[in-house]
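One structure is given here, and the rest of the page talks about it.
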Amino acid sequence: MGLHAGPISKAWSAVNFELCDKRGFDADEIGRRLSLLGLDAPESAAHGVELQNTVIRPNVDAIVDSFSDSLSRLDDFDNIVGDQSNITRLKETQRRYLLSLAVDFDKRQYFEERLRIGSVHQRIGVRQSLYQCSMQVLQYLLIQHIPQQVRRDHFAFEEMIQFILKFTALDMSLAVESYCASRVLDLEESLHIADGERESLHHLAVTDWLTNLHNHSYSRYLLGEALDRAKAKNLALCVIMADLDHFKDINDTHGHLAGDRVLQIVAARMISGARNGDEICRYGGEEFLFILQNTEIEEGREVAERVRARIGSNAVHARNEEIRISLSLGVAQAREDDSVDTLIDRADAALYAAKLAGRDCVRLEEHQ
């Protein structure tokens, strides 16, 4: 949705798929992206119709008004939008965006428009952090307007929430991808690329948007580099695999927005519990990878215990609810013949042992 979603209605009638062509979104790639987010199931189209008919269309004006009110409180809003006439046009654009959400989502037109959103944001100077925050506001508003008849059916309610989260994730992934590509293109065309801009783009490419930790793909790159360095210089290297205990129960009991908040707080506590120079990555949904360079396994245990204690030190307050959390951790030290996969596998086995031991504890790998 963002601060400027672009000419939605014009895009649907366009036959030029310039951005899809540039990003390689043919039918096969569209299918892969939908499959990655779990949107390739046969019932997804029906869920899209239900979302439009029960949540969006009956409440579109209220959602747009609330969304615009939320944006208007941001510092950048006046600078980007300008006068009242632009605000009126922005609200109409937002309305068209909502009415197109999850409609014919497996078509190139849908992907072209979502890619165009990122390109427009880059051109008019909307920060990606601002766009991502606005999408979280949209998630909340959509969930808030799920009608009572759906809420009374727990399964249907959870299914609707998951569908909303998946679709906003799809739209966000396409907009961010296009934003970064457009930004890179502009920088390549410029003869004076600022170091700060490069760092910003790098950060977007390697960072998990929710927790601000390194993302999965970059974690494996970092670990590969660390392994090569440790072998070349005969240095110790440890990894920690950590998993948030009973996270599914948190989502089921308190909702996915509260679950997102828990993950953000857990990430912040991990940073405060780790040492300077330790790399912390979000490896999966509620699973985290620590890379501890020049570290023997007993020192790795100390880091893991400190992080575990920091995570469980206080309850998390989310949506006016108190949520108790704990962490299980497994520690492994690199061997001469290790690859990224074998080292992670041993740390994962140690994590599994911690789960079997009752959770909220640290276990070291078994030595062979």
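Since every read-out is calculated from the coordinates, none of them should be taken as a lab result. Quick caveat: nothing in here was measured; it's all calculated off a predicted structure. Every residue, glycine among them, receives a Cβ derived from its backbone with ideal geometry; neighbour counts consider all protein chains shown.
Things to note:
- Computed from backbone phi with θ = phi - 60° and the Karplus coefficients 6.51, -1.76 and 1.60, the 3J(HN,Hα) list for the range 120-127 is 5, 4, 5, 5, 9, x, 7, 5 Hz; x is used for glycine and proline.
- Axis of helix 128-144 versus longest Cα principal axis of the chain: the two differ by about 80°, to the nearest ten degrees.
- In degrees, nearest ten, helix 27-36 long axis to first principal axis of the chain (Cα): 60
- Rounded tilt (10° steps) of 216-233 against the dominant C-alpha axis of the chain: 30
- The range 256-305: relative contact order as a whole-number percent, Cα under 8 Å and 6+ apart: 26
- Of the residues A304, I344, Q122, the one whose Cα sits farthest toward the positive end of the charge dipole of the chain, with +1 on the Cβ of Lys and Arg and -1 on the Cβ of Asp and Glu, is Q122.
- The count of lysine pairs in the chain that are at least 8 places apart or cross chains, and whose C-alpha atoms lie under 21 Å apart, stands at 7.
- When only the Cβ of Lys, Arg, Asp and Glu is charged (+1, +1, -1, -1), the dipole of the range 203-288 relative to its Cα centre reaches about 400 debye.
- As a proxy for reagent exposure, V303, V340, V331, V55 were ordered by neighbouring Cβ count within 10 angstrom, fewest first; the result is V340, V303, V55, V331.
- Qualifying trypsin sites (Lys or Arg not before Pro) in the range 201-284, DSSP loop, other Cβ atoms within 10 Å at most 16: R275
- Euclidean distance between Cα centres, the range 268-299 to the range 305-368, Å: 10
- Relative contact order %, the chain, counting alpha carbon pairs below 8 Å whose residues are six or more apart: 15
- Amide hydrogen neighbours beyond the local backbone of T207, cut-off 5 Å, H modeled: N215
- Coupling constants for the range 150-158 follow from the phi torsions by the Karplus curve (6.51 cos²θ - 1.76 cosθ + 1.60, θ = phi - 60°), and in residue order they are 7, 4, 5, 9, 4, 5, 5, 4, 5 Hz; glycine and proline get x.
- Anisotropy class of the range 189-341 from Cα gyration tensor, a/c 1.5 cut: oblate
- Between A349 and R319, full extension at 0.36 nm per residue minus the direct alpha carbon distance yields a gain of 7.3 nm.
- Under the convention that each Lys and Arg Cβ holds +1 and each Asp and Glu Cβ holds -1, the size of the dipole of the chain around its Cα centre is about 680 debye.
- Centroid-to-centroid, using Cα positions, the range 102-138 and the range 200-239 are 28 Å apart.
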